[in-house]
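This report refers to the structure that appears directly beneath it.
The values are calculated or read from the model by the stated rules, or taken from the named source; none is laboratory data. Please read all numbers here as calculations on a predicted model, not as lab measurements. Virtual Cβ from ideal backbone geometry, glycine too; neighbours counted across all protein chains shown.
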């Protein structure tokens, strides 16, 4: 505050010295009362970032170029990276190994935290996950990227799971875990945090021990391609809320699922795909979730209702000659810009259908709104 008033005094002095006339014409105003404003930390979440074989034929830097306002403008941006970085040969579905450059491109477009607990992290076995985590570890110094959900050894696990980030006096804990992997689990390290109540409960307990103001649960769960959440997801959401989770944001079904409040906790059951080569019905529409955490001058802290933003993944030849994920509302009414205008019609039809079936209304910008 001292520097704030010093700056004001300096600017006032410069104005007074502008000219002799200005010195006598300038009236010093009566000081206005200082009204402290709250500090706000904004966190944006993206769903499944895929790397299918066809995507490797294109420049990955173009995939997220339209999401700058969503990812870069947030204090923290989080995405689920649903592939391994196992090295060559690079492969797509069903066993993913993406080029390292893809992870760096995602970071360059504003993503700060990689979620690694998902069913594809073991696609290339123990060697693949170990190399993936080594690349992510190297990105901490070069890009400032952190990850959570997995760990190479016990020392790393205690730091990364939960991942605790402090900003503007607010301490946020990120708890990431998965229902399982596509390959047989193994004992030992690297560790993948699973959808096990003892395991998840321990991470939440560690978050509390570290003084987390807000705990964000990030489960990889649910039934693929289904627009409504399952009974198991709802039971888990209730359990997470009882354990102390303040926000639950899920991934894995590859489509948007409905949202709700469970025990008063906002639950976004599934965000869908952030980018992929999928074309199955509803798989190209996604939610970005924007959560805001406020630190008031009196020391109190509050989480505001999450804001939901619909995104659409354009395949090559649709809007551009590359994959590109766009905010739907920003592109409504711009059909003439599409290389394939029928894809604009597909986007709007999917948008209207998913809104109807899930009850999510973007204009309300609140999870669970009807």
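Looking at 149, 144, 125, 110 in this structure, which one is crowded, with 23+ Cβ neighbours inside 10 Å and on the phi > 0 side of the Ramachandran plot?
Values: 144 fails: crowded, with 23+ Cβ neighbours inside 10 Å; 125 fails: crowded, with 23+ Cβ neighbours inside 10 Å; 110 fails: crowded, with 23+ Cβ neighbours inside 10 Å.
The unique qualifying residue is 149.
Which members of the stretch 178-209 meet the condition of being assigned to a helix (DSSP H, G or I), under 14 Å from residue 221 (Cα atoms) and either in contact (Cβ under 8 Å) with a residue 60 or more places away in the chain or in contact with a strand residue (DSSP E or B) (Cβ under 8 Å, 6 or more places away or on another chain) (or both)?
Let us first name the residues in the stretch 178-209 that are assigned to a helix (DSSP H, G or I), namely 197-209.
Filter once more, keeping what is under 14 Å from residue 221 (Cα atoms): 197, 200.
Answer for the stretch 178-209, where residues must be assigned to a helix (DSSP H, G or I), under 14 Å from residue 221 (Cα atoms) and either in contact (Cβ under 8 Å) with a residue 60 or more places away in the chain or in contact with a strand residue (DSSP E or B) (Cβ under 8 Å, 6 or more places away or on another chain) (or both): just 200.
Kindly evaluate residue 176 against the criterion of being under 21 Å from the mean Cα position of the chain (by Cα), modelled with pLDDT of 95 or more and under 30 Å from residue 302 (Cβ atoms). Talk me through it step by step, then tell me what you get.
Working: under 21 Å from the mean Cα position of the chain (by Cα): yes; modelled with pLDDT of 95 or more: yes; under 30 Å from residue 302 (Cβ atoms): yes.
For residue 176, the condition - under 21 Å from the mean Cα position of the chain (by Cα), modelled with pLDDT of 95 or more and under 30 Å from residue 302 (Cβ atoms) - is met.
Filtering the stretch 76-94 down to residues that are touching a residue at least 40 places away in the same chain (Cβ under 8 Å) and over 14 Å from the mean Cα position of the chain (by Cα), which residue is surrounded by the fewest Cβ atoms within 10 Å (Cβ to Cβ)?
It comes out as 94.
Being surrounded by fewer than 20 Cβ atoms within 10 Å (Cβ to Cβ) and either touching a strand residue (DSSP E or B) at 6+ places or on another chain (Cβ under 8 Å) or without any contact (Cβ under 8 Å) to a residue 60 or more places away in the chain (or both) is the filter here; which residues of the stretch 128-139 pass it? Walk me through how you get there before you give the answer.
The initial filter retains those residues of the stretch 128-139 that are surrounded by fewer than 20 Cβ atoms within 10 Å (Cβ to Cβ), namely 130-131, 134-135, 137-139.
Of everything in the stretch 128-139, those that are surrounded by fewer than 20 Cβ atoms within 10 Å (Cβ to Cβ) and either touching a strand residue (DSSP E or B) at 6+ places or on another chain (Cβ under 8 Å) or without any contact (Cβ under 8 Å) to a residue 60 or more places away in the chain (or both) turn out to be 131, 134, 135, 137, 138, 139.
Restricting to the stretch 290-309, give me the number of residues that are assigned to a strand (DSSP E or B) and buried (at least 22 other Cβ atoms within 10 Å of the Cβ).
At the first step, the residues of the stretch 290-309 found to be assigned to a strand (DSSP E or B) are 290-295, 301-303, 307-309.
Among the residues that remain, those that are also buried (at least 22 other Cβ atoms within 10 Å of the Cβ) are: 291, 293, 308.
Of the residues in that region, 3 qualify.
Could you please let me know if residue 319 is in contact with a helix residue (DSSP H, G or I) (Cβ under 6 Å, 6 or more places away or on another chain), buried (at least 19 other Cβ atoms within 10 Å of the Cβ) and within 23 Å of residue 66 (Cβ to Cβ)?
Details: in contact with a helix residue (DSSP H, G or I) (Cβ under 6 Å, 6 or more places away or on another chain): no; buried (at least 19 other Cβ atoms within 10 Å of the Cβ): yes; within 23 Å of residue 66 (Cβ to Cβ): yes.
Answer is no for this residue.
Among the residues of the stretch 140-153, are any touching a strand residue (DSSP E or B) at 6+ places or on another chain (Cβ under 6 Å) and either in a helix (DSSP H, G or I) or more than 23 Å from residue 172 (Cβ to Cβ) (or both)? Steps first, answer last, please.
Of all residues in the stretch 140-153, those touching a strand residue (DSSP E or B) at 6+ places or on another chain (Cβ under 6 Å) come to 146-151.
Then keep just the ones that are either in a helix (DSSP H, G or I) or more than 23 Å from residue 172 (Cβ to Cβ) (or both); that gives none.
No, the stretch 140-153 contains no residue that is touching a strand residue (DSSP E or B) at 6+ places or on another chain (Cβ under 6 Å) and either in a helix (DSSP H, G or I) or more than 23 Å from residue 172 (Cβ to Cβ) (or both).
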